[in-house]
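Sharing a structure, written as structure tokens. Questions coming.
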Amino acid sequence: MVVAEYRIGRIYLIRHGKPEFPYTNEPGRWISGREFNRLSELYSGSALKKDWNSGRIERHRAEILAAIRKSRPLSSDLLRARQTAELLLDRNEQIEVSEVFREVPLPTVPEILVLPAYWHLILARLLWYAGKSSDEPKTEALERARRAAEILEVHERHSPVSLFSHGFFLYILTKELIRRGWQCEETRPMKYLEIRSFHRKDESRKSS
């Protein structure tokens, strides 16, 4: 029995691994909105927490890792995504990187508000949905997700393609791929180093 992941017509989305960064290491720590906003500005330069991610890769099924390592790799140009690609692919090949696959920037939260870091993050995303301005408004982020989906579809016509990117961007990209006729078992926001496999709705999951 041959698993369908090895065929053309597959798109893999991979969320980057856990970064070495204050509010990801201690999501329950209470901080002010001012401190959260300051950390958010620094987050783009964060690198992976290597020990945590090396151990987590081993939990994935061998066949899905093998399929991704045979695919065409694309990545966000941010460090944590590129390092995840290098860690997971385990091969010497040029990875195509692009700003198109970057995370969606957060708007600021009220400076005087004191909450656990994780709740500041949720609040920032809710404010984004509500239309609060950030470096990338909602309409522009959704358009970028459409461009990303088009790029993935162009590549998958020739071979399976994998994308190493970021949690919230992958969430809106998942919705865009489903709108375009792709199917996936999960649609919730992705966890660190989670892998998600997409196939066409009319494609059989397995072939003998």
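The values are calculated or read from the model by the stated rules, or taken from the named source; none is laboratory data. No experiment lies behind these values; they were computed from the predicted model shown. When we count neighbours, we look across all protein chains shown, and the Cβ atoms used for this are built from the backbone with ideal geometry, even at glycine.
Kindly indicate the residue of the range 74-97 that is within 18 Å of residue 149 (Cα to Cα) and in contact with a Leu (Cβ under 6 Å, 6 or more places away or on another chain) and also surrounded by the most Cβ atoms within 10 Å (Cβ to Cβ) among those meeting that condition. Lay out the reasoning, then the answer.
Filtering the range 74-97 for residues within 18 Å of residue 149 (Cα to Cα) gives 74-77, 81, 95-97.
Checking the rest, the ones that are also in contact with a Leu (Cβ under 6 Å, 6 or more places away or on another chain) come to 74, 96.
Details: 74: 23, 96: 16.
Looking at the filtered set, the residue picked out is 74.
Turning to a different aspect of this structure: Only one of these is hydroxyl-bearing (Ser, Thr, Tyr), surrounded by 15 or more Cβ atoms within 10 Å (Cβ to Cβ) and either more than 15 Å from the chain's Cα centre (by Cα) or closer than 26 Å to residue 59 by Cα (or both): 133, 162. Name it. Show your work before the answer.
Working: 133 fails: surrounded by 15 or more Cβ atoms within 10 Å (Cβ to Cβ).
None of the other options fit; the residue is 162.
Confirm whether residue 68 is part of a strand (DSSP E or B) and at pLDDT 90 or above.
Values: part of a strand (DSSP E or B): no; at pLDDT 90 or above: yes.
Considered against the rule, which asks whether it is part of a strand (DSSP E or B) and at pLDDT 90 or above, residue 68 comes out as no.
Another question, if that's okay. Of the numbered conditions (1) out of contact with any Gly (no Cβ under 9 Å at 6 or more places or on another chain); (2) at pLDDT 95 or above; (3) buried (at least 19 other Cβ atoms within 10 Å of the Cβ), residue 100 satisfies every one except a single condition; which is it?
Going through the list (1) out of contact with any Gly (no Cβ under 9 Å at 6 or more places or on another chain); (2) at pLDDT 95 or above; (3) buried (at least 19 other Cβ atoms within 10 Å of the Cβ), residue 100 breaks only (3).
Tell me, which helices (runs of 4 or more DSSP H) wholly within the range 89-208 include 1 or more residues that are in contact (Cβ under 8 Å) with a residue 60 or more places away in the chain and of a type in the set (Asp, Glu)?
On the way: elements: 117-129, 138-156, 167-179.
Filter on the range 89-208 gives 138-156.
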